[in-house]
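Single-structure report; data block below.
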Amino acid sequence: ESEKLYNAGKKFLSRRLFQEARKNFEDAINLNRGIPEYFIYYAKTIGATCNRDPQELTRAKQMVQDALSKSAPTSFAFTILGELLLSLNQQDDALQYFKEALELEPNNTDAMRHLRILASRTGKPVPASPVPKKTTTSIKK
């Protein structure tokens with residue numbers, strides 16, 4: 001049942017129906033708290049629905065960090081963490097996670113888009129696409 005809710009949440013998310021996705025991910029978590037990926041997706045929906053509330057963003061960031069401490073890092077998780085950090089005005093940390101996302105998945109268009117946005121804000125050039133390698137960033141708390 002939790003897997004059905006998770007898959008339904010992903011469908012809602014792909015259609016940018018964030019409230020519906022958030023409800024499905026929350027229900028999936030309530031049924032099965034042992035799957036870190038559920039928390040990463042749930043955190044994305046919190047970021048999309050919380051109206052930039054710093055407490056909610058910090059809670060979502062912590063969810064992703066906790067999930068990453070319990071599972072292998074993914075480009076998606078690092079991208080979500082970067083997005084949350086951007087919303088918290090932590091641009092330097094966000095930049096690092098977007099770079100990590102691209103190291104794991106060089107064609108991650110979301111991470112590259114965020115890097116371009118950061119470059120336009122800071123005037124710094126967009127880093128070249130990295131060669132995939134083992135992830136080295138430690139998760140900041």
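The values are calculated or read from the model by the stated rules, or taken from the named source; none is laboratory data. This one's a predicted model, so the numbers in the text were calculated from it and none came from an experiment. Don't worry about glycine lacking a Cβ; one is built from the backbone with ideal geometry, like all the others, and counts go over all protein chains shown. The protein model used for the area step is the full one, side chains on, heavy atoms only, and it has no ligands, DNA or RNA in it. Shrake-Rupley method; radii C 1.70, N 1.55, O 1.52, S 1.80 Å.
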Q.
Per q in 0.11, 0.21 Å⁻¹, report the Debye log10 I(q)/I(0) for the stretch 1-122, using one uniform scatterer on each alpha carbon and no solvent.
A. -0.34, -1.21
Q.
Apply the Karplus curve 6.51 cos²θ - 1.76 cosθ + 1.60, θ = phi - 60°, to the phi angles in the stretch 75-87 and return the couplings in whole Hz, x for Gly and Pro.
A. 4, 4, 4, 5, 5, 4, 4, x, 4, 5, 5, 4, 5
Q: On the full set of protein chains, 1.4 Å probe, figure out the accessible area of residue 1 and give it in Å² to the nearest 10.
A: 140
Q.
Which one, 75, 87, 14, has the greatest fluctuation when you compute a Gaussian network model over the chain with C-alpha springs under 10 angstrom?
A. 14
Q.
Please list, in order, the residues from the stretch 36-71 whose amide nitrogen is less than 14 Å from a point placed 7 Å along the Cα→Cβ vector of residue 10.
A. 36-42
Q.
What figure, in Å² to the nearest 10, do you get for the accessible area of residue 35 with a 1.4 Å probe and non-protein molecules left out?
A. 50
Q. Tell me, what % of the accessible area of the stretch 1-128 is carbon and sulfur with a 1.4 angstrom probe?
A. 48
Q. Reported to two decimal places, what Rg/Rh ratio describes the stretch 56-112 when computed on Cα atoms with Rh from the Kirkwood expression?
A. 0.95
Q | Three-way shape call for the stretch 1-66 based on the alpha-carbon gyration tensor, with the a/c threshold at 1.5 | A | oblate
**Q.** Per residue accessible area of the chain, 1.4 Å probe, in Å²
**A.** 56
Q. Under a GNM of the chain (C-alpha, springs under 10 Å), which listed residue has the highest mean-square fluctuation: 106, 73, 125?
A. 125
Q: Identify which of 23, 44, 99 has the largest mean-square fluctuation in a Gaussian network model of the chain, with springs joining Cα atoms closer than 10 Å.
A: 23
